[in-house]
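The structure appears below as structure tokens.
The values are calculated or read from the model by the stated rules, or taken from the named source; none is laboratory data. What you are looking at is a predicted structure, and each value in this text was computed from that prediction instead of being measured. Ideal geometry is used to build each Cβ from the backbone, glycine not excepted, and the neighbour counts take in all protein chains shown. The accessibility values were calculated without ligands, DNA or RNA, using every heavy atom of the protein model including side chains. Shrake-Rupley method; radii C 1.70, N 1.55, O 1.52, S 1.80 Å.
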Amino acid sequence: MTAPNRPARRAVARRAATKHATARATAASLAAATLLLSACGADVETDDAGPGAETVTVPRCGEEVEYRRPERALAYEAGSADKLFALGLADRVLGYVMPPANPPVEESPWADAYAEVEMLSDDLLNRELVVEAEADLVVAGWQSGFSEERGITPEILDDLGIQSFLHSETCYNYPGHPAGFASFEGLYRDLELLGEIFGVEDRAARVVEELRDRVAAVRDQAPDGHRPRVFVYDSGTDQPFTSGNQAPPHEVIEIAGGRNVFHDLTDRWTTVSWEAVVEARPEVIVVVDYEDQPVEEKIDFLRSSPITRELPAVRDDNFYVLDYNEAISGPRIVDGAEGFGAYLRSADLGSSGS
């Protein structure tokens with residue numbers, strides 16, 4: 001197997017440095033938030049009347065839902081768990097479900113929080129597991145965790161007396177209550193709503209403010225002028241699987257100063273044709289890296305395929321490796337924007353339409 005090309009290696013190194021910096025910044029932010037809340041005498045996390053005594057009504061996609069204060073939350077995938085851990089809620093999380101595509105939790109900025117809770121399954125989310133675990137809240141996305149085909153939906157869980165929270169980003173085609181939220185605004189919204197549900201609104205506000213500031217800094221530093229054409233390559237050889245404008249990589253690219261070649265495709269993750277990719281002539285290819293398919297194999301395919309080997313990005317070795325958890329709804333999409341922004345600032349892409 002051929003090792004990743006030099007730009008891909010630089011992207012991995014830059015991503016790792018960003019992760020470590022993020023972990024330190026997040027830990028410091030959460031510690032400061034806790035100290036500030038204590039100093040103010042706030043008691044936002046304590047429910048003296050006992051679990052379930054307090055309720056709050058917040059939107060779930062386009063539907064107003066009354067939530068009891070959760071004590072046994074179950075998170076599906078790292079994006080869900082990261083949101084809860086970023087709010088300092090590890091003691092309210094009974095466990096997480098982590099399918100094989102997810103990178104090791106030890107790589108997370110919240111590795112210590114993951115170590116405090118149990119991994120319940122490495123399979124897809126299912127109703128039996130949720131019931132057996134006696135969860136009182138399930139955090140997942142629509143068609144990314146929750147699924148009509150697999151028989152686990154918010155409506156089904158409602159009937160069982162189990163609460164559910166959907167990632168706002170995934171609401172745009174939620175049956176009966178569709179609601180459209182761009183990925184980054186959806187992230188901020190989710191943190192704020194979870195803050196209300198768990199009674200940690202002040203902490204959520206501080207975490208969101210920090211994330212907004214980091215994203216604003218990436219926008220401010222984006223290269224002027226030419227916006228490179230960027231193709232997101234998740235997987236697929238017969239047809240490529242890519243990000244439309246409803247999934248986080250789209251905004252990661254746009255915030256950093258690039259242009260998603262499928263920016264007008266209203267979908268989350270979807271299949272397109274290689275002919276459409278060739279016609280778009282991407283100058284950079286963002287390759288999504290996850291555990292069950294080595295990123296080196298994807299890059300080797302793009303280099304060797306007669307369809308893609310003459311694309312400007314392939315010919316010029318302009319690959320950027322995006323971690324799986326920087327591509328799904330969760331706080332690490334901000335890491336993704338920072339890393340890709342640094343890549344675009346350092347890359348010599350010029351302004352030609354090559």
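The eigenvalues of the Cα gyration tensor, multiplied by 5 and square-rooted, give the range 121-240 an equivalent ellipsoid with semi-axes of 31, 23, 12 Å from largest to smallest.
Here each label is just a point 7 Å from Cα along the line to Cβ, and for Asp317 and Glu297 those points are 2.4 nm apart. For the range 263-354, trypsin sites (Lys or Arg not before Pro) meeting the loop criterion (DSSP other than H, G, I, E, B) and having at most 12 other Cβ atoms within 10 Å: Arg309. Of the solvent-accessible surface of the range 274-354, computed with a 1.4 Å probe over protein heavy atoms with every protein chain present, carbon and sulfur atoms account for 44 percent.
Express the accessible area of the range 158-224 per residue in Å², computed with a 1.4 Å probe while the remaining protein chains stay in the model.
Per-residue value: 40 Å².
The Cα atoms of the range 288-354 give a gyration tensor whose axes a ≥ b ≥ c have a/c of 1.5 or more with a/b no greater than b/c, which makes the shape oblate.
The share of C-alpha pairs in the range 245-308 whose separation exceeds 21 Å stands at 28 percent. Spatial offset of the range 207-221 relative to the range 301-339 amounts to 22 Å, using the alpha carbon center of each.
Averaging the Cα positions of each part gives two centres, and for the range 153-184 and the range 55-114 these lie 15 Å apart.
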